Amino acid sequence: MPEREHDPGGPVDIAIVGGGAAGLAAAIFSGETARHSGARSTVILDGAKSIGAKILVSGGGRCNVTHAAVTPTDYFGNRRIIKNVLAGFSVEAATEWFASMGVELKREETGKLFPVTDQSRTILEALRTRCRELGIMVYSDHRVTGIERSGEAGFVLQHSHGVLHASHVLLATGGRSVPKSGSDGFGYELARRLGHQVTATVPALVPLVLDDRMFHKALSGLSCEVEVSTIVDGRPVDTRTGSLLWTHFGISGPVVMDASRFWCLARNQGVSAEVYGNFLPGQTQEQVRQWFVTETRNHPRRSLGNTLAQRLPQRFAESLIQYAGCDGQTAIAQLPRKDRDSLLPLLTKFPFPIVQDRGWNYAEVTAGGVPLEEINFRTMESKVVPGLYLIGEILDCDGRIGGFNFQWAWATGHLAGCAVGRALTQSDDRHKKRTPDSGESE
């Protein structure tokens, strides 16, 4: 379905600002809910030249649609509200919904669900096709610059090609991640102007940049299992285990991406944050010391490098030994105590010298946004502005890596779309009752 380029005109029943995952889902569910009452006019306005850019680049171009097991603990935000939102549209419902659009999903060992085609375009084209079937008009290159209330019922939207009047507005502008896709954070300003609060926004699911004096460049492309702990202002706030990827700029991989939000939030708040890595997950410093003592007793002539390489990738072991100022060729029985005391703590509590995150262009999602307390979790309608709905990443809710943020987009889009569809249907029913030739009396 080619995006429209001319003025959408108006007035319309529903104006959806943002043609990403949440906006497309809301458009479809609103159309399916209201269709039995007659054709309704729904338009999607998107500032980008083509919609769905984030869908296309997600999951390495494969689109991690959702996860086999989704719970509120996979998200950060008001988990009571998150629980209720997720309950309204389960993973099973999402799977069936995509199947109804001709998209079959497959589950991988990690629990991630992808289209069997392994192509994100399959997802985007299915959503666009369903929009076309429902008569939903999509206008790309139509950046919304302002939204105002128009009387008690309705809104006036200013956009780059003119003005649009709508009875209901759905804000699905995304956050600030991947701004080249169109989600540059202006949706927060639109929400503020309408009376909403916006909590501090920082990159989440973002790689972290290390001090250039570190050895990460020599390890670029190497991955290893690590337990990552984050300490903020002297207090432990997060511990998780997973795959870490060394890169030319620092560290990435699922465990780092998930932990990044805590470091970014602390930096934004101006408080100290330290991130440590345990390269022998589940092992304490004392257990590692005992292991080394045993190795020294049983294999006194074995070199330090070969000893560590039993439990660590060899390239990493060599780099860590050098970083600690030790000689990897030294027999472990001959290792000076000061060298042992310098090296062993690094195995279980390595301080990552983080200097910054990699920025919005590389962040997969935004932490922060419009507080969930300001929306009705049953409908996603604003408690501040009747007729306004907020969905997807614009809200203060971010999930861990693995398809959870897409599930949030589908779930919030479903609730809002169905709610506005019902509202239009009820409005039609009331109108029919007031019409004399309908054969009905008030």
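If I filter segment 347-366 for residues that are closer than 21 Å to P72 by Cβ, outside any loop (DSSP other than H, G, I, E, B) and modelled with pLDDT of 95 or more, do I get at least one hit?
Yes.
Does G182 fit the bill of being in contact (Cβ under 8 Å) with a residue 60 or more places away in the chain and closer than 23 Å to E381 by Cα?
No; evaluated as a whole, the condition is false for this residue.
Out of the residues in segment 34-56 that are among the aliphatic types (A, V, I, L, M) and open to solvent by 20 Å² or more (accessible area, probe 1.4 Å), which is modelled with the lowest pLDDT?
A39
Conditions tested, residue by residue: (1) farther than 30 Å from Q407 by Cβ; (2) in contact with a helix residue (DSSP H, G or I) (Cβ under 6 Å, 6 or more places away or on another chain).
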residue	(1), (2)
A333	yes, yes
P336	yes, no
S342	yes, no
P351	yes, no
T366	no, yes
E374	no, no
T379	no, yes
S382	no, no
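Among all residue pairs at least 6 apart or on different chains, which show Cβ distances below 7 Å where the first residue, located in segment 380-408, is farther than 19 Å from V169 by Cα and among the β-branched types (V, I, T) and the second is at pLDDT 95 or above and assigned to a helix (DSSP H, G or I)?
Close Cβ pairs (under 7 Å, with a partner that is at pLDDT 95 or above and assigned to a helix (DSSP H, G or I)) amount to I401/P254; I401/M257; I401/D258.
Can you find even one residue in segment 248-267 that is among the hydrophobic types (A, V, I, L, M, F, W, C) and farther than 16 Å from L208 by Cα?
no
Would you mind finding the one in G31, G59 that is at pLDDT below 95, in contact with a strand residue (DSSP E or B) (Cβ under 9 Å, 6 or more places away or on another chain) and on the phi > 0 side of the Ramachandran plot?
Within the list G31, G59, the selection yields G59.
Determine if segment 76-88 includes at least one residue that is within 15 Å of G413 (Cα to Cα) and either touching a Gly at 6+ places or on another chain (Cβ under 7 Å) or of a type in the set (S, T, Y) (or both).
No; the residues of segment 76-88 include none that is within 15 Å of G413 (Cα to Cα) and either touching a Gly at 6+ places or on another chain (Cβ under 7 Å) or of a type in the set (S, T, Y) (or both).
For segment 286-302, does any single residue satisfy the condition of being open to solvent by 90 Å² or more (accessible area, probe 1.4 Å), over 12 Å from L346 (Cα atoms) and not in a helix (DSSP H, G or I)?
Within segment 286-302 (the criterion being open to solvent by 90 Å² or more (accessible area, probe 1.4 Å), over 12 Å from L346 (Cα atoms) and not in a helix (DSSP H, G or I)), the answer is yes, since at least one residue qualifies.
I'd like to know if segment 362-378 contains one or more residues that are of a type outside the set (D, E, K, R), more than 27 Å from A200 (Cβ to Cβ) and out of contact with any Ser or Thr (no Cβ under 7 Å at 6 or more places or on another chain).
no
Sort out which residues of segment 78-89 are closer than 22 Å to E108 by Cβ and surrounded by fewer than 18 Cβ atoms within 10 Å (Cβ to Cβ), and write them in order of number.
none
With respect to L344, is the statement that it is open to solvent by less than 20 Å² (accessible area, probe 1.4 Å) and within 24 Å of R213 (Cα to Cα) true?
yes
Under the condition of being β-branched (V, I, T) and more than 12 Å from T95 (Cα to Cα), which residue from segment 61-77 is surrounded by the fewest Cβ atoms within 10 Å (Cβ to Cβ)?
Going through the qualifying residues, I end up with T73.
So, in segment 347-369, how many residues would count as being acidic (D, E) and open to solvent by 30 Å² or more (accessible area, probe 1.4 Å)?
Matching residues across segment 347-369 total 1.
Residues that are surrounded by fewer than 17 Cβ atoms within 10 Å (Cβ to Cβ) and β-branched (V, I, T): list the strands (runs of 3 or more DSSP E) wholly contained in segment 175-280 that include at least 2 such residues.
Passing ranges, in order: 235-246.
I need the full set of residues from segment 316-341 which are buried (at least 17 other Cβ atoms within 10 Å of the Cβ), of a type outside the set (S, T, N, Q) and under 28 Å from S243 (Cβ atoms), in order please.
Answer for segment 316-341, where residues must be buried (at least 17 other Cβ atoms within 10 Å of the Cβ), of a type outside the set (S, T, N, Q) and under 28 Å from S243 (Cβ atoms): F316, A317, E318, L320, I321, A324, C326, G328.
Could we say that Q356 is of a type in the set (S, T, N, Q), touching a residue at least 60 places away in the same chain (Cβ under 8 Å) and within 28 Å of K112 (Cα to Cα) here?
Answer is no for this residue.
Restricting attention to segment 129-151, which residues are under 16 Å from P11 (Cα atoms) and charged (D, E, K, R)?
E148, R149, listed by residue number.
If we keep just the residues of segment 370-383 that are farther than 16 Å from G413 by Cβ and part of a loop (DSSP other than H, G, I, E, B), which is least open to solvent (accessible area, probe 1.4 Å)?
Looking at the filtered set, the residue picked out is P371.
Listed here are the residues, each with its yes/no results for (1) touching a strand residue (DSSP E or B) at 6+ places or on another chain (Cβ under 9 Å); (2) of a type in the set (K, R).
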| site | (1), (2) |
| --- | --- |
| T330 | yes, no |
| P336 | no, no |
| D341 | no, no |
| F352 | yes, no |
| R358 | yes, yes |
| N361 | no, no |
| V365 | yes, no |
| G369 | yes, no |
| R378 | no, yes |
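Within segment 293-311, track down each residue that is of a type outside the set (G, A, S) and within 24 Å of L244 (Cα to Cα).
Matches in segment 293-311: L304, N306, T307, L308, Q310, R311.
Given the residues V138, V156, V103, V116, which is the only one that is modelled with pLDDT of 95 or more, closer than 24 Å to G31 by Cα, in contact with an Asp or Glu (Cβ under 7 Å, 6 or more places away or on another chain) and surrounded by fewer than 22 Cβ atoms within 10 Å (Cβ to Cβ)?
V156
The values are calculated or read from the model by the stated rules, or taken from the named source; none is laboratory data. Computed from a predicted model, the values in this text were never measured in an experiment. With ideal geometry, Cβ positions are generated from the backbone for all residues, glycine too; neighbour counts draw on all protein chains shown. For accessibility, only protein heavy atoms count, side chains too; no ligands or nucleic acids. Shrake-Rupley method; radii C 1.70, N 1.55, O 1.52, S 1.80 Å.
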